[in-house]
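Heads up, the thing below is written out as structure tokens.
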Amino acid sequence: MTGTAFSDETILCTAGVDADRAFGAVMPPLYLSANFAFEGYGKPRAHDYSRSGNPTRDKLAEAIAALEQGAGGVVTSSGLAAVDLVLALLKPGDRVIAPHDCYGGTWRLLTARAERGAFEVLFVDQNDPNALEQAFARQPTLLWIETPSNPLMRIVDIEALCQRAKACGARVAADNTFLSPVLQKPISLGADFLVHSTTKYLNGHSDVVGGAAVAARKDDAEQLKWWANCLGTAGAPFDSWLTLRGLRTLSVRVERQQETAGNIAQRLAQHPAIAKVHYPGLASHPGHGTAAKQQRGFGAMLSFELAIAGDEIAAFLGQLKRFILAESLGGFESLIAHPATMTHLSMSAEARAQAGIGDGLFRLSIGLEAFEDLWSDLRAALDCLSPIF
């Protein structure tokens, strides 16, 4: 297992630095070459073709694996490609337990693969003991965890679920996109695999689409690499270089963003136009204690429900000046999304209802702007709705 000797901040600042033996470049070079020369007949070098391996992409994969305390990882072309890479390890007849309130793209992928017979999938409320008992009784092969969940910020106990899964012979995969490895390390809590949309916090600048899959064991990491080469889903060298560059500031970005998010959540909870705030950092959140136990912070993502619906939604969004109405998250800019019509539109209406994703739900990704400016923007938009109450 790697990544245990140094702090996250040191790993972030030193990954790939001063490793160039050809010219002594301090920063990792960008290798755009599609292919690499053999030393001679039957003598390939460490890299021969960039689909199979690329020095720039390898540096990013090594850095993410070290941060996550994993044995190895693969950088993919998107977060969903990373999810699919882990699913590629399953066989027809295998069974997956997934969260009923997972990211809409993950729900769509799991559903589509299951419909084609790649495996069976059970969408379960992982905070419901009875539902979990019934699901585990069906001998699953893989437990998929998403905590905090997207977009309702539900928390599950990773360590307890991993122990439960291992007791019935199941492997565990966790989506760690919302918190990043500086706030949560699922492998240290028992997960076998984890995935990231590196588009989000790891890159942090909303200018790259990418993903990563990390394995706790070396043999599993090699399997991920084999499938990435077989499927051709590896990330591009330039995207990897940009993401490695963005990764350097991950710790300081997340620290500032989550501080602002906590303040925003507290203010929202006090506004009369808000029916409910979903943020694990609030003491009133049902998963607050579990989050405090397994996380190093509460993150910069939150969601809230307006006490209105219908035409007022468009009016509210139209008043915002600092929050951009857009999908994605984790960048330096603050975003607002309407999950029912954006990030989770691919879910069926029935699945959204079961997950609790209603028309009045909004998701915020808090950026690096000043708290006062962000809160002023939200308050002004919410105050326009106050006469309704």
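The values are calculated or read from the model by the stated rules, or taken from the named source; none is laboratory data. Fair warning: this is a prediction, and the values are worked out from it, not measured in the lab. Cβ coordinates were reconstructed from backbone atoms using ideal geometry, including for glycine residues, and neighbour counts include every protein chain displayed.
Numbers for the structure displayed
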| quantity | calculated |
| --- | --- |
| Residue tally, condition without any contact (Cβ under 8 Å) to a residue 24 or more places away in the chain, surrounded by 15 or more Cβ atoms within 10 Å (Cβ to Cβ) and either within 18 Å of the chain's Cα centre (by Cα) or over 17 Å from residue 124 (Cβ atoms) (or both), over the range 338-364 | 2 |
| From 197, 206, residue being surrounded by 19 or more Cβ atoms within 10 Å (Cβ to Cβ), polar (S, T, N, Q) and in contact with a strand residue (DSSP E or B) (Cβ under 7 Å, 6 or more places away or on another chain) | 197 |
| Test: residue 120 is among the charged types (D, E, K, R) and either under 20 Å from residue 346 (Cα atoms) or under 17 Å from the mean Cα position of the chain (by Cα) (or both) | yes |
| Among (1) of a type outside the set (D, E, K, R); (2) part of a strand (DSSP E or B); (3) within 13 Å of residue 294 (Cβ to Cβ) - the single one residue 184 does not satisfy | (2) |
| Residue match in the range 170-181 (condition: surrounded by fewer than 24 Cβ atoms within 10 Å (Cβ to Cβ) and β-branched (Val, Ile, Thr)) | no |
| Search result, residues across the range 206-238 that are of a type outside the set (D, E, K, R) and assigned to a helix (DSSP H, G or I) | 221, 223, 224, 226, 227, 228, 229, 230, 231, 237, 238 |
| Among the residues listed as 282, 242, the single one being modelled with pLDDT of 95 or more and more than 24 Å from residue 382 (Cα to Cα) | 242 |
| Test result for residue 271, assigned to a loop (DSSP other than H, G, I, E, B), assigned by TED's automatic domain parsing to the domain that holds residue 376 and within 23 Å of the chain's Cα centre (by Cα) | no |
| Residue within the range 372-388 that is buried (at least 20 other Cβ atoms within 10 Å of the Cβ) and outside any helix (DSSP H, G or I) present | yes |
| Meets criteria (surrounded by fewer than 22 Cβ atoms within 10 Å (Cβ to Cβ) and either farther than 26 Å from residue 10 by Cα or within 21 Å of the chain's Cα centre (by Cα) (or both)) for residue 286 | yes |
| Qualifying residue in the range 96-112 (condition: modelled with pLDDT of 95 or more, in a loop (DSSP other than H, G, I, E, B) and under 19 Å from residue 227 (Cα atoms)) | no |
| Tally, over the range 85-95, of residues that are aliphatic (A, V, I, L, M) and either part of a loop (DSSP other than H, G, I, E, B) or over 20 Å from the mean Cα position of the chain (by Cα) (or both) | 3 |
| Any hit, the range 315-322, residues being under 19 Å from residue 205 (Cα atoms), among the basic types (Lys, Arg) and either under 23 Å from the mean Cα position of the chain (by Cα) or at pLDDT 95 or above (or both) | yes |
